[in-house]
Amino acid sequence: ATDGEHGGPSAPGSAQEALALATEHGLRRVDSKPGLAAYLRDVWRHRALTVELAKAKAYDRNQNNYLGQLWAALNPLLLVGAYFFVFGFLLDVSRGTDNYVAFLATGIFIFLFIAGALSAGAKAITGHQSLIRSVRFPRAVLPISIAMAETLILLPALGVLLIILPLAGEPIQLEWLLLPAAVVLLFVFCTGLGMLVARAASASRDVLNLVPLVVRLARYVSGVFFSIEAYAPGALGLVMQYQPVAVYLNLVRSCMLSGHPQDPVLWGVAAGWAVLFVVAGTYVFWRAEHRYGRE
């Protein structure tokens with residue numbers, strides 16, 4: 001006789017009853033993922049965790065150095081000096097710029113932010129395996145908190161930049177008020193970028209070896225220390241000018257430098273890249289939510 005014949009529940013019946021009980025109490029399989037809308041609501045509910053992680057990461061970046069958080073401003077300043085000596089003095093690639101020191105400083109400060117978000121974002125999952133396996137929370141919190149941490153690190157550096165520019169001969173102008181909007185677009189873009197590279201690195205650790213190469217390539221093709229328009233005309237120049245990194249460098253320069261007038265097309269392209277990357281990044285990252293910590 002089977003269990004069912006003696007009145008007891010059969011194995012399939014028990015499984016179905018357990019599933020119904022779990023569903024009734026809001027439980028789900030550990031290897032399942034919620035719907036996208038529910039996932040986004042869960043991310044929003046964990047916004048306090050996101051902010052605290054971002055603040056901790058930003059504070060911890062230079063905490064073990066003697067000068068502490070001053071390195072957030074000192075590091076780009078030292079790079080400005082080194083790049084100016086090589087590219088402004090030895091190679092003299094200042095063609096197409098009205099104020100090369102201001103042009104270079106703005107490019108370096110913003111590029112370091114993007115490069116930091118890319119490099120740290122690639123390790124958002126692989127670098128937090130113990131946390132992922134210990135605590136349940138939407139994993140998108142990790143790349144978002146990294147982009148937020150890089151933004152917190154950028155803010156004091158931008159304060160230093162606002163001091164450098166007048167010393168370099170740039171006038172104080174109303175366009176500076178547009179800088180917060182440009183930073184918001186940068187943050188959105190870097191959040192999406194971080195989600196994409198975090199997912200890729202989680203699926204294949206080899207991606208982590210490619211990120212430094214991508215950062216170096218972006219540094220040399222994005223107009224950090226030379227004017228793309230002056231040195232790369234034609235179709236190639238257009239591609240270089242409107243790829244995302246160059247777009248955001250030029251967007252911030254249009255807010256800060258008198259020689260770079262405002263361009264509605266540039267703002268439109270920057271907003272388009274930000275929306276595209278954050279939408280694609282969120283979708284791709286969510287698709288593998290149930291696999292993080294298991295791959």
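The values are calculated or read from the model by the stated rules, or taken from the named source; none is laboratory data. Owing to the predicted nature of the structure, the values given are computational and were not obtained by experimental measurement. Backbone-built Cβ (ideal geometry, glycine too); neighbour counts: all protein chains shown. When the accessible area is computed, the model is the full protein with side chains, heavy atoms only, and any ligands, DNA or RNA have been set aside. Shrake-Rupley method; radii C 1.70, N 1.55, O 1.52, S 1.80 Å.
Data for the structure
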read-out: Residues of the range 104-159 that turn out to be under 23 Å from Tyr248 (Cα atoms) and in contact with an Asp or Glu (Cβ under 6 Å, 6 or more places away or on another chain), as a count; value: 3
read-out: Options Pro264, Pro233: the member that is free of Cβ contacts under 8 Å to residues at least 24 places away in the same chain and under 23 Å from Glu175 (Cβ atoms); value: Pro264
read-out: Count of residues meeting criterion [within 17 Å of Ala201 (Cβ to Cβ) and surrounded by fewer than 22 Cβ atoms within 10 Å (Cβ to Cβ)] in the range 142-156; value: 0
read-out: Filter pass, Ala271 being closer than 30 Å to Ala288 by Cβ and aliphatic (A, V, I, L, M); value: yes
read-out: Which numbered condition Arg136 fails, given (1) part of a helix (DSSP H, G or I); (2) open to solvent by 40 Å² or more (accessible area, probe 1.4 Å); (3) more than 22 Å from Asp60 (Cβ to Cβ); value: (1)
read-out: Selection status of Gly259, open to solvent by less than 10 Å² (accessible area, probe 1.4 Å), more than 16 Å from the chain's Cα centre (by Cα), modelled with pLDDT under 95 and of a type outside the set (A, V, I, L, M); value: no
read-out: Test: Ile163 is open to solvent by 60 Å² or more (accessible area, probe 1.4 Å), among the β-branched types (Val, Ile, Thr) and modelled with pLDDT under 95; value: yes
read-out: Failed criterion for Gln173 (all others in (1) among the polar types (S, T, N, Q); (2) within 17 Å of Ser254 (Cβ to Cβ); (3) at pLDDT 95 or above hold); value: (3)
read-out: Subset of the range 202-234 that is aliphatic (A, V, I, L, M) and either open to solvent by 80 Å² or more (accessible area, probe 1.4 Å) or touching an Asp or Glu at 6+ places or on another chain (Cβ under 9 Å) (or both) - its residue that is nearest to Asp92 (Cα to Cα); value: Leu217
read-out: Qualifying residue in the range 266-276 (condition: more than 19 Å from the chain's Cα centre (by Cα) and in a loop (DSSP other than H, G, I, E, B)); value: no
read-out: From Leu186, Leu179, residue being open to solvent by less than 50 Å² (accessible area, probe 1.4 Å), at pLDDT 95 or above and under 30 Å from Glu289 (Cβ atoms); value: Leu186
read-out: Any hit, the range 27-38, residues being exposed (fewer than 13 other Cβ atoms within 10 Å of the Cβ), hydrophobic (A, V, I, L, M, F, W, C) and either modelled with pLDDT of 95 or more or part of a helix (DSSP H, G or I) (or both); value: yes
read-out: Residues that are open to solvent by less than 30 Å² (accessible area, probe 1.4 Å) and under 30 Å from Ala203 (Cβ atoms), drawn from the range 81-119; value: Ile110, Phe111, Phe113, Ile114, Ala115, Gly116, Ala117, Leu118
